[in-house]
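In what follows, a structure is listed as structure tokens, so that the remarks can point back to it.
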Amino acid sequence: MAFIVLKNVEHSYFLGKVEVPAIRDVSFEIKKGEMVALVGPSGSGKTTIINLLGTLDAPKKGELLVDGKELGDLSDREKMNYRKDQVSFVFQFFNLFPTLNVYENIEFPLLFKKVSPMEIKNRVTEAINLVGLSGLEKRKTDELSGGQRQRVAIARALVSRVPLVLADEPTANLDGKNAVLVMELMKEINTKFNTTFIFTTHDPRVMNFATKIIELTDGRVTKIEKGPSAGERLRAK
């Protein structure tokens with residue numbers, strides 16, 4: 001059974017009084033544990049799909065299901081709970097709190113969950129170790145490199161232990177070396193926790209980590225194919 005299903009999904013936005021189509025008749029399925037790259041030129045609809053899956057926007061038409069739940073039917077409170085329990089975001093501009101240190105940034109989403117202080121400490125410590133930031137817990141974000149900041153953002157997404165991570169151009173502000181390191185970290189988390197990753201990218205090096213590549217042009221899906229790492233993951237199982 002598919003974990004994510006989009007069926008004939010359409011969405012648009014307004015520029016002044018002009019309605020501009022963002023995605024048109026988009027349909028695809030994603031299995032749990034896949035690493036999916038949404039690729040295509042700017043304006044092709046990649047970020048729109050991320051926003052719809054994160055319930056930051058609602059589709060104008062079509063069906064959009066995550067784990068059997070129709071996202072278009074959720075109330076505002078249900079959307080809030082969905083974002084708290086089912087999905088995390090990783091952004092290209094990191095979206096960290098500059099007044100908080102590394103530990104506090106990673107801890108932040110757990111403060112809104114029913115998690116004991118000891119469990120919070122254990123989860124944050126595990127995430128810090130996993131992303132290779134041990135010893136930097138008390139550093140403020142402006143004391144970190146771009147690659148380190150993105151690793152903080154990934155650790156923050158990880159501590160919630162949600163099944164779905166949405167990453168919008170997660171390597172866009174990183175150099176080539178750090179981009180690969182960040183994607184290797186995402187793949188490690190994907191393998192260890194069976195977390196589903198959906199990321200947008202223009203970078204062929206990033207596409208190499210995908211098990212599925214969905215190509216969009218002018219708001220439509222033009223190609224769906226297995227990613228370069230699909231065979232490797234199958235052999236590893």
- Place a +1 charge on the Cβ of each Lys and Arg in the chain and a -1 charge on the Cβ of each Asp and Glu, then give the dipole magnitude about the Cα centre in debye, rounded to the nearest 20. 460
- Added length on full extension, which subtracts the Cα-Cα distance from 0.36 nm per residue, Lys138 to Asn8: 42.1 nm
- What is the gain in length, in nm to one decimal, between Phe97 and Thr191 on full extension, counting 0.36 nm per residue of separation less the C-alpha to C-alpha distance? 31.0 nm
- Item | Cross-link partners of Lys223 among lysines (Cα-Cα below 16 Å; sequence separation of 8 or more within a chain) | Lys7, Lys46, Lys212
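Dipole size in debye (nearest 20) for the stretch 95-182 around its Cα centre, Lys and Arg Cβ +1, Asp and Glu Cβ -1? Numbers along the way, then the final one.
Details: 12 positive and 10 negative charges, 51 e Å.
Value, rounded to 20: 240 debye.
Magnitude of the Cβ-charge dipole of the stretch 74-136, K/R +1 and D/E -1, about the Cα centre, nearest 20 debye? Kindly include the intermediate steps, with their values, before the conclusion.
On the way: 8 positive and 7 negative charges, 31 e Å.
For the stretch 74-136, the charge dipole is close to 140 debye.
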- Cβ crowding within 10 Å averaged over residues, with 172-183, 143-154, 13-24 ranked highest first: 143-154, 172-183, 13-24
- Neighbour-count ranking for Asp25, Asp57 (other C-beta within 10 angstrom, fewest to most) reads Asp25, Asp57
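Report Rg/Rh for the stretch 89-187, rounded to two decimals, where Rg is the Cα radius of gyration and Rh the Kirkwood radius.
Numbers: Rg = 12.6 Å, Rh = 13.4 Å.
Rounded to two decimals, Rg/Rh equals 0.94.
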- Query: Among the lysines, which have Cα under 20 Å from the Cα of Lys113 when same-chain residues fewer than 8 positions away are ignored?
  - Reply: Lys79, Lys84, Lys121
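Short version: what are the Cα gyration tensor semi-axes of the chain, square root of 5 times each eigenvalue, largest first, in whole Å? It would help to have the intermediate numbers written out before the result.
On the way: eigenvalues 162, 84, 65 Å².
Result for the chain: semi-axes of 28, 21, 18 Å.
Values quoted throughout were computed directly from the atomic coordinates according to the rules given, and no laboratory measurement underlies them. This one's a predicted model, so the numbers in the text were calculated from it and none came from an experiment. Backbone-built Cβ (ideal geometry, glycine too); neighbour counts: all protein chains shown.
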